[in-house]
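Each remark here refers to the structure printed beneath this line.
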Amino acid sequence: MELLIKGGKLVDPSNKQNSVKDIYIKDGLIKSVGKDLGETLKKGINAIDAKGLIVAPGFVDLHTHLREPGREDEETIATGTRAAAKGGFTSICCMPNTNPVVDNKSVVDFIKEKARSEGIVKVFPVGAITKGLNGRELAEMADLADAGVVGFSDDGESVMDSRLMRRALEYSKMFDLPLMVHSEDKNLTRDGQINEGYWSTALGLKGMPSQAEEIMVARDISLLSLTGGRIHIAHTSASESVDIIRKAKNDGLKVTCEATPHHLTLNDEYLRNFDTSGKVNPPLRSKKDIEALIEALADGTIDVVATDHAPHTLSEKEKEFDLAPFGVIGLETAFSVLFTELVKKKLLSFSGLIEALSTKPASIIGVKSGIKEGSPADLTVIDEKRKFKVEDFISKSSNSPFKGRELEGKVIYTIVDGKVVFEE
Amino acid sequence: MIDRMSLSVTNLLSIKDLTNDDINLVLDTAKYFEEISKRAIKKVPTLRGKTIVNLFLEPSTRTRISFELAAKRLSADVVNISSDSSAIKKGESLKDTAKTLTAMGIDIIVMRHSFAGSSELLAKWTDARIINAGDGAHEHPTQALLDLYTVREKLKKIENLHIGIVGDVAHSRVARSNIFAFKKMGAKISVIAPPTLVPPEFESLGVNIRYNFDEVIPEIDVIYLLRLQLERQTESFFPSIGEYARLFCLNKERLKMAKENVVIMHPGPINRDIEISGDITEMPESIITQQVASGIAVRMAVLYLLAGGGLVSGAVD
C-alpha cells in the first residue's frame, strides 16, 4: 500500500515543517518527506493532490465519549470514530463512564476489539480511577494499564476523597500514565445547572461557581507536589484554574491540561433562552474566562484542545433545562470552530492550533505522531478557505451548540495508517 | 388612555421580554376589567369560543384559581390539568404534552412548572399562546404585573418608589419578576435577606443588597415579603426558623420604624409569624388581599390581550 500526498503545505511545528512538500507513504508509515517526490516514484501510484491545502499531523482527541458499551442509542464505536474522522481526528481517547464502566480488563478488550472491527480511527481507552466510578475503591489500575489504557479518569465525577486521590496518584507512578481529572467540588455544584453569575441569577437556574473547579484543580496540584505522578486536567473552563495551572507549570510539576472548543468560544449568555444544547459540565463560563483560556492556549499553559464529545439523543436534550443531561458533541466541528473563532480572528496562530490538536495531545498519551519519516501516516488535510454551514452530523447525536453556524476551514481528508478514512 | 391595543409579544414568558408600553397596556386594561369583578353578574362574552388550558405541573391553589376565574369571567372554556391527573404522570414528555394540546386546538396554555425555562420550551413546541404562571426560580410575570397594579392603585405611582423585597430572594421567581418589573417602571429596589439567600450577583440585576432589615425599613415605601420555603432550613441557608424570624419577620416593633404610609405586600401563601406576624396582615398597611383581587383583573387583561386584543371598551360592555 502506497500513497503520495502531493503539493500540500505541511504544518507541523514539532518537526519544523512549514512549507510545500510531498509525503510518500508506504505500509502505513511516512516513508519520506520532501519536495517533488512524485518525480522519483514509479507512475500509477495512488496520489492525493493537496495543492492549495494544508497537511497536518492527524488530530488526537484526549476526551471523547463513545458511549459503547451501554448507550449505543447515543453513539457507537462505529459512528463515533466516523464522526472523529470527519473532524480530522486520527486518534481518540474514550472515557470510561460507559455501562459497564471501563474499570476492568475485559471492557478494555471489548472496546479495542470493537474499534478494530468496526472503528475507522485509532481508539485509545481511558480506564477508571475508581471501581464503577464510585469514588471509594481504586480500580485495578495495573490490569488496566496492561490491557492498554492510556490514562485514568473518573470523568463526570471527581474523586472527592482526597486521601483516595492521593493513593491513585501514588499508584499511577508505576505506569507513567496521567490521571485525567474532572475537577469539580461536587458539594459546591450540587443541583447546579449553569455557571454561577449574572445569567444563573437572571434565569433562576442553580449556579455552579468556577471556584468548584478551582478548588479541585488546586487540590490535585497540591497532591501532585506531595506524591509525584502526572495529572492532566480535563476541560479547563475557569480563569482561576488557569492561574493555578500556570503557576504549577512554572514550579516544574508534571501537569498538563486541555480546553474544549465550546469553552473557548461560548459564554453563559448562550443559555439566555434556556437552550439545552449549551448545557454542559463544566458549564459555559463568562467572557472573562474565555479570554483567560484563549490567552493560556496561546502561551502554552493550556497544552491541548480536546472535544469532550458527549453525545445525547434529541429526546434526552429536548427536556426541561434541569432534566436535560449535560454534554455537547464536538468531534466534527472542533477544528473549524477554532479556526474560525480563534485563528481567523488572530487570537491564536494557525500552527498553535495544529499543535494543540495533534502532536501535543499525542505526546501526553505517548503516541507517535508528527510529519516525519518513520511515523505512522496519520494525517489531516485541511482546506483553509472552504466555508460551510454546520448542519448534518455523522455522530448518532446532534447536540451541538454550533448547529447552524457558518464556519470557515474544513477537513478534506483524514488518513489513518496511510489509509484514507474520510474524504470530503 | 390606551393608545395601542396589542402587546409586543405573543406569549407572556418573562417580564424581561416586555416593554414599558406593554406593561402600561396590561395595567390600563386591567383597570377596565376590575370593574367586572365588582358586578353582580361577573361575566362578559369577550373570550367566548376560546379554549384555555391551565397546565399546572406544580401544586398551586391561588394562581390556578385566579387564572380559572379570570378565564371564566371572560367566557372562555377552561380545562385544568395537574401533573398527578395527566399523562405526565405516565412519563409523557413536555414536548408530547405540547403537541397533544396543540392538536386539540387550544388557544392559550397557562403553565406552572417547577423547572426554570419550561415555558420557553413549551412555546417552541406549540402555536398556542403561552402564559408563564411560574417556572422554577425563574419568573412569575403575572404576579409582578398584579403587584405593579396593586401598588399603582394604592400609591398612585410606581416611579421613584423604594421597594424592599424581603426573604428568600435567591430561590424566588416572584422576586425576579418583581425586580425586573419595578425596575422597568422606575422604582428603586432593595433586597433584604441573609447573604445565603441573596447572592452578590443580584447586584448585577440593578438592586441594592441589604442584610439588616431594621436599618432599611425607615427608607422603604413598599415592604414586599416573600414566602420562605421551609424546607430550605434543612439545607443550612440559615441555622433555624426562629433565628430567621428574629432577623427578618415583619412584626409590630419593626413596623413602627417604617414610613407612615408604607404598604405591606406578600404573594402568599403566608407563613404566619415567620415572614410576617399574624397581627399585621389585617392592619391597614397591608394590601395583601388587594393583591389577590387585582390578580383576577390583571390576568383577565393578559388573557384578553394575548387572545388578540381589540377595543377594550367594546369588549367590556
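Please report how far the C-alpha centroid of region A:81-110 lies from that of region A:337-400, rounded to the nearest whole angstrom. One Cα centre to the other: 19 Å.
Put simply, chains A and B cover up around 1700 Å² of each other's accessible surface, both sides summed, when a 1.4 Å probe is used. The share of accessible area on the protein assembly as shown that comes from carbon and sulfur is 49 percent, using a 1.4 angstrom probe. Bridging of A:LYS279 to lysines at a Cα separation below 23 Å is possible for A:LYS186, A:LYS206, A:LYS287, A:LYS288, A:LYS317, A:LYS319, A:LYS389, A:LYS396, A:LYS403, B:LYS16, B:LYS95, B:LYS124, once same-chain residues fewer than 8 apart are set aside.
Using the Cβ atoms and a cut-off under 14 Å, what net charge is assigned to the surroundings of B:VAL78, where Lys and Arg are +1 and Asp and Glu are -1? Spelling it out: positives minus negatives among the neighbours equals +4. For region A:223-292, GluC sites (Glu not before Pro) are listed when DSSP marks them as loop and at most 10 other Cβ atoms sit within 10 Å of their Cβ; the list is empty. Residues of region A:296-326 that lose at least 10 Å² of accessible area (1.4 Å probe, protein heavy atoms only) when the other protein chains are present, relative to their chain alone, are A:GLU318, A:LYS319, A:GLU320, A:PHE321, A:ASP322, A:LEU323.
Placing unit charges on the Cβ atoms only, positive for Lys and Arg and negative for Asp and Glu, gives region B:141-291 a dipole magnitude near 440 debye about its Cα centre.
For A:VAL108, what is the net charge nearby, where nearby means another residue's Cβ is under 10 Å from its Cβ and Lys, Arg count +1, Asp, Glu -1? Each step should come with its number before you reach the end.
On the way: positive: A:LYS105, A:LYS112; negative: A:ASP103, A:ASP109, A:GLU113, A:ASP143, A:ASP146.
Every neighbour counted, the sum reads -3.
Here the spin labels are modelled as points 7 Å beyond Cα on the Cα-Cβ line, and at B:GLU243 and A:ARG163 they lie 3.0 nm apart. In terms of its C-alpha gyration tensor, chain A comes out prolate, because a/c is 1.5 or above and the ratio a/b outweighs b/c.
Take chain B and mark each of the GluC sites (Glu not before Pro) that is in a DSSP loop with at most 11 other Cβ atoms within 10 Å; the longest unmarked stretch, sites excluded, is B:1-158. Among the DSSP helices (H) of chain B, those spanning at least 18 angstrom by Cα along their long axis with an average Kyte-Doolittle hydropathy of 1.0 or more are B:288-306; this is a geometric and hydropathy rule only. Of all DSSP bridge pairs formed entirely within region A:50-208, close to 10 percent run antiparallel. For region A:109-207, applying the loop criterion from DSSP together with a ceiling of 15 other beta carbons within 10 Å to the trypsin sites (Lys or Arg not before Pro) yields A:ARG136, A:LYS173, A:ARG190. Beta bridges assigned by DSSP with both partners in chain A are antiparallel in approximately 55 percent of cases.
How many Å² of accessible area per residue for the protein assembly as shown, probe 1.4 Å?
Working: 28480 Å² over 741 residues.
That works out to 38 Å² per residue.
Taking every C-alpha pair closer than 8 Å and separated by at least 6 residues, the mean separation divided by the residue count of chain A gives a relative contact order of 20 percent.
Only helices enter this figure: runs of n ≥ 4 DSSP H residues, each worth -39500 (n - 2.57), summed and divided by the residues of chain B, yield -10500 deg cm²/dmol at 222 nm to the nearest 500.
Here the spin labels are modelled as points 7 Å beyond Cα on the Cα-Cβ line, and at A:ASP191 and A:LYS35 they lie 6.9 nm apart. Over chain A, dividing the summed -39,500 (n - 2.57) contributions of all DSSP H runs of at least 4 residues by the number of residues returns a 222 nm mean residue ellipticity of -8000 deg cm²/dmol. Taking every DSSP beta bridge with both residues inside the protein assembly as shown, roughly what % is antiparallel (nearest 5)? Once the DSSP bridges in the protein assembly as shown are tallied, antiparallel ones form about 35 percent. The fraction of Cα-Cα pairs per 20 angstrom bin, counted from 0 for the protein assembly as shown, comes to 16, 40, 29, 13, 2, 0 percent, rounded to whole percents. Loop sites here are trypsin sites (Lys or Arg not before Pro) outside DSSP states H, G, I, E and B with no more than 15 other Cβ atoms within 10 Å. The longest part of chain B free of them is B:49-155. Note every residue of region A:201-226 with a reduction of at least 40 square angstrom in accessible area, all protein chains present versus the isolated chain, computed with a 1.4 Å probe, or write none. At a threshold of 40 Å² (probe 1.4 Å), the residues of region A:201-226 that become less exposed are A:THR201, A:ALA202, A:GLY204. Checked against a 26 Å cut-off, the cross-linked pairs B:LYS156/B:LYS184; B:LYS99/B:LYS183; B:LYS43/B:LYS157 give Cα-Cα distances beyond that limit for B:LYS99/B:LYS183; B:LYS43/B:LYS157. Of the residues in region B:54-98, those shielded by at least 30 Å² of accessible area once partner protein chains are present, compared with the chain alone at a 1.4 Å probe, are B:LYS95.
Within the set of other residues whose C-beta is less than 13 Å from the C-beta of B:GLY136, count the net charge using Lys and Arg as +1 and Asp and Glu as -1. Numbers along the way, then the final one.
On the way: positive: A:LYS206, B:ARG112, B:ARG173, B:ARG176; negative: A:ASP191, A:GLU320, A:ASP322, B:GLU58, B:GLU120, B:ASP135, B:GLU139.
Local charge sum for B:GLY136: -3.
The values are calculated or read from the model by the stated rules, or taken from the named source; none is laboratory data. Owing to the predicted nature of the structure, the values given are computational and were not obtained by experimental measurement. Here the Cβ is made from the backbone with ideal geometry for all residues, glycine too, and neighbour counts use every protein chain on show. Heavy atoms of the whole protein, side chains included, go into the accessibility calculation; ligands, DNA and RNA do not. Shrake-Rupley method; radii C 1.70, N 1.55, O 1.52, S 1.80 Å.
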